[in-house]
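The structure appears below as structure tokens.
The values are calculated or read from the model by the stated rules, or taken from the named source; none is laboratory data. From a predicted model like this one, the values you see are computed outputs, not experimental measurements. Glycine gets a Cβ as well: all are built from the backbone with ideal geometry, and neighbour counts include every protein chain shown.
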Amino acid sequence: MRLEIEVGGWEHDCCGPELVRFTNVEWTVIPVPDGPFLETHHGLDETEGPEVIDVTGTIVELEAIERDGSRTTIARVPSGRALRGMDEDDAGDVIELYTDRLIDVSDDGFIVTVEVTD
């Protein structure tokens with residue numbers, strides 16, 4: 001089964017790692033009605049508010065949410081430090097997978113598709 005999970009915003013900017021295809025992840029996600037799950041890594045549990053689900057799987061697709069709301073397949077999601085210009089070894093560029101075009105990302109929003117086992 002594949003799950004679309006939104007990653008980005010302040011949580012990823014704060015301390016999110018670089019994300020690349022075919023790596024394994026263990027995430028806590030928040031289900032959203034009529035939308036992708038939302039990744040969270042700041043210690044939420046169900047006693048603190050929203051329902052959360054643990055997801056373990058392999059990243060199979062990465063997309064950037066562009067400023068116009070469209071989704072573009074990308075090579076990787078840079079770490080939050082790189083996106084904020086705070087990584088001297090990584091410019092934080094978000095690059096379209098097959099064209100090398102630089103993407104103007106809306107609020108550092110990304111969709112990560114994770115293949116999970118039942």
Inset, instruction - List every residue pair whose Cβ atoms sit under 9 Å apart, with the two residues 6 or more apart in sequence or on different chains, where the first one lies in region 70-85 and is within 15 Å of Glu4 (Cα to Cα) and the second, anywhere, is part of a loop (DSSP other than H, G, I, E, B) and of a type in the set (Ser, Thr, Tyr). - result: Thr73/Tyr98
Legend entry - Any hit, region 47-60, residues being over 26 Å from Asp89 (Cα atoms), more than 10 Å from the chain's Cα centre (by Cα), modelled with pLDDT under 85 and not in a loop (DSSP other than H, G, I, E, B): yes
